[in-house]
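Inspection log for the structure reproduced underneath, given as structure tokens.
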Amino acid sequence: GSPGQGNYAAANAFLDALAAHRRAQGRVGHSLAWGLWASAAGMAGDLSDADVQRLSRSGVDALAVDEGLALFDTATGLAEPVLLPMRLNVSALAASAGDVSAIPGVFRGLVRTPARRTAEAGSGAAAATFKQRLAGLSRDERGTVLLDLVRGQAAAILGHSGPEAVEPDWAFSDLGFDSLTAVEFRNQINAATGLRLPATLIFDYPSSQVLADHLVAELAPQDDGDSGAGSSEDRIRVALQAIPLDRLREAGLMDSLLELAGITDVDGPQAADEGDGDGADSIDDIDEMDAESLISMVLDGSDDSDDSDDDATREA
């Protein structure tokens, strides 16, 4: 499944089948699907340190030359025509077992269920602690922490020394991600945050900043102070701001809003009972107000009206 390996994979599949066919006919034949060798020779000789580290995290460690030669001698003495000589890092497999999709199917049987459950529980506890940390921060602070998380994970997977090597606005596609590192990156972000993000993460959210903004929305969808009375007022203000004044007039709501503001008759002299000008001036002033000013006037007037009603009730 590695990029650029389509022809190589097809050729290997043919060789595997040829070895099996020859052995079925009583003839000699072996096909060995080698893992990584710790040698400058061969196909793995050009791998970078970051590639080697990524393979190790996925559960495949490098074979020393003497180990590889010993496995070669062993394989030629076995009846099976197709074998996979490689060094497996079972601890790495167990550590990633919190997300089963992160384990290659051929390796899943090597990770025992208790190890998988332990890894999943540990990952969940870490994610819960991380969420608690975010809960005590402002929205801007949460954004900074999540951006640092994204940049740090991307840098680690790509083999950089630190998050400063990944600029917030740089596209993931330009940083060197391939299909394997993209999935590993998704898995690491899932483990840190407790979310279940898709495997297409770097395509859906193509830069560290865009992804961090998405994580802020996913982990803390409520804005700061959204549980108090003030938030209801803010939502009302936003909703009323979006309504053109002409729509309020057409719906017959303008008079009610003005009454709440203490202007009981926009056509008569009472419209300016508490003002310094006449009714016409008040109407002109209202028409010139922007939506936010009108809303503030209405809400303030509503508070005053409530106080007057309470006073009237006490007097009665």
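Here are a few things to note about the model shown:
- Take 134-146, 71-83 and order them by the average number of nearby Cβ atoms within 10 Å per residue, most first; the result is 134-146, 71-83.
- Between LEU78 and ARG247, the modelled label-to-label distance comes to 7.2 nm, taking each label 7 Å out from Cα in the direction of the beta carbon.
- Stretchable slack from LEU18 to ALA70, in nm (0.36 nm times residue separation minus alpha-carbon distance): 16.3 nm
- Rounded percent of accessible protein surface that carbon and sulfur make up, the range 1-88, 1.4 Å probe: 59
- Potential extension, ALA10-GLU259 segment - 0.36 nm per residue separation minus Cα distance: 81.6 nm
- For SER31, residues with placed amide H under 5 Å, excluding near neighbours: VAL82, LEU83
- Remark: the range 39-47, residue by residue, has Karplus-estimated 3J(HN,Hα) of 8, 6, 8, x, 5, 7, x, 9, 5 Hz, where x stands for each Gly or Pro and the curve is 6.51 cos²θ - 1.76 cosθ + 1.60 at θ = phi - 60°.
- Estimated at 0.36 nm per residue, the fully extended path between ALA165 and ARG139 surpasses their Cα-Cα distance by 6.9 nm.
- FRET efficiency, GLN25 to ARG196 (Cβ-Cβ, R0 45 Å, nearest 0.05): 0.35
- In this structure the amide hydrogen of SER207, modeled in the peptide plane, comes within under 5 Å of the amide hydrogens of PHE172, none closer than 5 places in sequence on its chain.
- The HN-Hα couplings worked out from phi for the range 183-193 by the Karplus form 6.51 cos²θ - 1.76 cosθ + 1.60 (θ = phi - 60°) are 5, 4, 4, 4, 4, 5, 5, 4, 5, 6, 9 Hz, whole numbers, x standing for Gly and Pro.
The values are calculated or read from the model by the stated rules, or taken from the named source; none is laboratory data. Note that the structure is predicted; figures quoted are calculated from it, not measured. Every residue, glycine among them, receives a Cβ derived from its backbone with ideal geometry; neighbour counts consider all protein chains shown. Heads up: the accessible areas ignore ligands, DNA and RNA and are worked out on the full protein's heavy atoms, side chains in. Shrake-Rupley method; radii C 1.70, N 1.55, O 1.52, S 1.80 Å.
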